[in-house]
Amino acid sequence: MESSVMPGCERELWFWCITHDKTDDPLVQRLFKGLQAGRRASLAESITLVETSHPKKKLQARQLLTQVLQQAKKIGSIHGAKALSLRLGISGPPGAGKSTFIENFGKFLTKQGHKVAVLAVDPSSVTTGGSLLGDKTRMPELSCDMNAYIRPSPSRGHLGGVTRSTNEAIVLCEAAGFNVIIVETIGVGQSEISVSDMVDLFALLIPPGGGDELQGLKRGIMEMSDLIVVNKSDGDLVPAARRMQYEYVSALKYIRPKNKNWSTPVKRISSVTGEGIPELWNLMQKHRKIMEDCGEFVNRRKTQQQAWLWSHLKDSLVSAFITAPGMKEKISMMEIKVRDGILSPGDAADILLQHHIDELKLKSQMH
Ligand code: GDP
């Protein structure tokens with residue numbers, strides 16, 4: 001494209017792109033080559049880089065992601081949707097059997113020649129600093145499997161930041177040759193909304209006879225689930241698992257399906273005996289095929305990309321606003337006025353924003 005025929009802002013963007021993707025930064029080049037060679041150490045280092053908040057490293061992370069995305073686009077334009085990995089979201093309450101399931105399901109997949117990456121989004125680690133998910137000791141065999149990669153959840157920042165870096169980690173895992181990416185999260189409400197925004201198939205894993213805590217969660221999570229899996233359907237627990245399956249099938253009748261070509265199935269499995277796991281995988285592949293055929297597979301990824309653009313934009317705007325010179329004091333002043341009922345929150349926000357816009361105008365006039 002000729003830059004001379006582009007309008008100003010488009011030209012600026014275009015220049016930004018060509019100067020940022022052709023980086024010769026040694027770290028970025030080393031990691032990019034390592035990812036292409038499928039090195040797990042390079043993958044771990046790359047994910048750490050995208051999780052950073054250090055400004056220089058952030059730029060390097062962006063350059064690496066740009067290169068990775070361009071490479072993926074090249075491959076995608078040759079091989080189409082078939083070249084894309086499968087991104088699976090697995091959510092469920094603590095004790096549902098997520099790690100037991102992922103351990104056995106992951107091993108089942110690697111035996112078939114798949115390369116499996118497990119990433120965790122753990123909202124509890126944000127507030128407590130501890131991590132319930134992605135802990136390698138929870139999946140001892142899978143973590144030793146050369147065709148698997150397990151990444152514990154990042155333990156810093158707010159949930160938005162954590163999930164965003166997970167979204168980028170997915171892209172990096174794919175660049176390193178992993179073709180099934182499992183994103184694990186605990187069913188507490190907020191986290192699976194973000195996770196369902198980054199996967200191709202979102203599955204809810206539940207134990208039989210889940211008590212009252214499931215009731216509150218049920219509807220919201222069911223609405224975003226493509227698949228419901230009743231785990232622990234073995235031994236004495238089979239009748240309870242059947243009841244649970246029946247309950248969920250009935251409840252789903254009152255929920256509008258996410259896609260007109262797919263109604264959410266409820267399957268019983270046992271992660272301990274492995275019963276039902278091959279059938280579950282077949283079902284996941286059937287879902288993919290149907291989504292591919294109706295164009296929804298690629299479309300969903302595009303919509304997700306767009307949603308993440310807005311998420312980045314909102315965060316960057318708020319951060320630029322808060323860190324602008326003199327803004328911190330102004331915001332504190334307004335907060336006091338709002339708390340004391342002198343100003344309404346809406347008015348205070350308008351005043352702050354107008355002040356920021358005026359400052360920006362003044363600055364550009366001075367230059
Ligand atoms: P998580 O907290 O969701 O990761 O759950 P875990 O995988 O740690 O499992 C919690 C408990 O349930 C453990 O004692 C597991 O051994 C048990 N468990 C997990 N899957 C099954 C299953 O399929 N059948 C039975 N009977 N127990 C299971």
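Structure summary
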read-out: Search result, residues across the range 233-286 that are out of contact with any helix residue (DSSP H, G or I) (no Cβ under 8 Å at 6 or more places or on another chain), open to solvent by less than 20 Å² (accessible area, probe 1.4 Å) and either within 15 Å of Met222 (Cβ to Cβ) or β-branched (Val, Ile, Thr) (or both); value: Met244
read-out: Among residues of the range 310-331, those that are surrounded by 10 or more Cβ atoms within 10 Å (Cβ to Cβ) and over 27 Å from Ser194 (Cβ atoms), counted; value: 5
read-out: Exclusive hit being away from the ligand (no atom under 16 Å from the Cβ), within 28 Å of Pro93 (Cα to Cα), assigned to a helix (DSSP H, G or I) and free of Cβ contacts under 8 Å to residues at least 60 places away in the same chain, set Ala251, Ala240; value: Ala251
read-out: Only one of Glu296, Glu335, Glu292, Glu247 that is modelled with pLDDT of 95 or more and among the acidic types (Asp, Glu); value: Glu335
read-out: Qualifying residue in the range 301-312 (condition: part of a helix (DSSP H, G or I), in contact (Cβ under 8 Å) with a residue 60 or more places away in the chain, in contact with a strand residue (DSSP E or B) (Cβ under 9 Å, 6 or more places away or on another chain) and among the aliphatic types (A, V, I, L, M)); value: no
read-out: Every pair of residues 6+ apart whose Cβ atoms lie under 7 Å, when the first sits in the range 89-109 and is open to solvent by less than 10 Å² (accessible area, probe 1.4 Å) while the second is near the ligand (Cβ under 6 Å from one of its atoms) and part of a helix (DSSP H, G or I); value: Ile90/Lys98; Gly92/Lys98
read-out: Search result, residues across the range 41-51 that are in contact with a helix residue (DSSP H, G or I) (Cβ under 8 Å, 6 or more places away or on another chain) and either closer than 12 Å to Ala169 by Cα or buried (at least 20 other Cβ atoms within 10 Å of the Cβ) (or both); value: Ser42, Leu43, Glu45, Ser46, Ile47, Leu49, Val50, Glu51
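Yes/no per residue for (1) touching a Leu at 6+ places or on another chain (Cβ under 8 Å); (2) modelled with pLDDT under 95; (3) buried (at least 22 other Cβ atoms within 10 Å of the Cβ):
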| position | (1), (2), (3) |
| --- | --- |
| Met146 | no, yes, no |
| Ser153 | yes, yes, yes |
| Arg156 | no, yes, no |
| Arg164 | no, yes, no |
| Ala169 | yes, yes, yes |
| Ile181 | yes, no, yes |
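The values are calculated or read from the model by the stated rules, or taken from the named source; none is laboratory data. Everything quoted here is computed from the prediction, not taken from an experiment. Cβ coordinates were reconstructed from backbone atoms using ideal geometry, including for glycine residues, and neighbour counts include every protein chain displayed. For the accessible areas, the whole protein counts, side chains as well, though only heavy atoms, and no ligand, DNA or RNA atoms are used. Shrake-Rupley method; radii C 1.70, N 1.55, O 1.52, S 1.80 Å.
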